1. From the square roots a ≥ b ≥ c of the eigenvalues of the alpha-carbon gyration tensor of the range 1-54, which class results: rounded (a/c under 1.5), prolate (a/b over b/c), or oblate?
2. For Thr55, what charge total do you get from the other residues with a beta carbon under 14 Å from its beta carbon, if Lys and Arg give +1 and Asp and Glu give -1?
3. Out of these labelled values of P(r) over Cα pairs in 10 Å bins from 0, in percent, [x] 10, 39, 39, 12, 1; [y] 8, 26, 24, 20, 14, 7, 1; [z] 9, 35, 31, 16, 7, 1, which was calculated from the coordinates shown here?
4. Given a cut-off of 18 Å, name the pairs among Lys51/Lys163; Lys119/Lys163; Lys42/Lys163 whose C-alpha atoms lie farther apart than that in the structure shown.
5. In terms of Cα to Cα distance under 13 Å, which aspartates and glutamates are near enough to Lys123, apart from those fewer than 8 places away along the same chain?
6. Given the DSSP H assignment, sum -39500 (n - 2.57) over each helix run of at least 4 residues in the chain and divide by its residue total; what's the result at 222 nm in deg cm²/dmol, nearest 500?
7. Given +1 on the Cβ of Lys and Arg, -1 on the Cβ of Asp and Glu, and no further charges, what dipole in debye does the range 1-103 carry about its Cα centre, rounded to the nearest 20?
8. Sum up the charges of everything whose Cβ sits under 15 Å from the Cβ of Val91, counting Lys and Arg as +1 and Asp and Glu as -1, but leave Val91 out.
Amino acid sequence: MSNERINFYYDAERQGYDELLWNTVTGTPGSTGTALRFNASKAIGYGDLFKTDVTFGVIVPTAPTAGDVRKWGLEQITIGASIFFQIIDDVFSCNCTYNGVTSNTVVDWNTDWTATDTKFTIKWTGFTVEFLINGVHVASAGGYTGISGYSGVSGRSDESIPKVALSTSIDNENSDDLDVSYIETQNTQGYI
């Protein structure tokens, strides 16, 4: 068995909104010249990833508030499998969904993440998921005990963690600008 892993970097300044790599799901995603821009729009990548670490450089324009719907992470639309950082109304959370089972951990929004290029990382092994923001562990699923002094997340079901290939996905249903400056993918076990 090979231990070879795939790594790649999507630089929005270099590549813009590349329609050979992204499928527009709703609205009109675009590029600012330095970031992918999502304003009442959604896109999903054509590449299929399995067991990966992915970091999104995201600029969320405002703190979560009533009426907000924003998600970025990994998704397979057809079967409803996903691993997301998400904002629904005024609640920011880390979410896993697979085979109709969902687990969700609410994370207090830090004002330092508002209107600032922030690193949101998902580390997905296929049986565990770890969520980090600017390198700091904020949530997990699948039994991760992790960092010394961290109490962990109880009541999360391993059944909520996808066991199928997923694609990068960005969705901003708000009529404002959610910008993504880059996507860095590392340690990917499978890529099609």
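1. It comes out prolate by the Cα gyration axes.
2. -3
3. Computed from these coordinates, P(r) over Cα pairs in 10 Å bins from 0, in percent corresponds to label [x].
4. Those over the limit are Lys119/Lys163; Lys42/Lys163.
5. Lys123 reaches Asp53, Glu184.
6. -500 deg cm²/dmol
7. The calculation lands at about 60 debye.
8. Summing Lys and Arg as +1 and Asp and Glu as -1 gives -3.
None of the figures in this text is laboratory data; all of them are computed from the coordinates on show. These numbers were taken from a predicted model, which means no experiment stands behind them. A quick note on method: Cβ atoms are made from the backbone with ideal geometry, for glycine too, and the neighbour counts reach across all protein chains shown.
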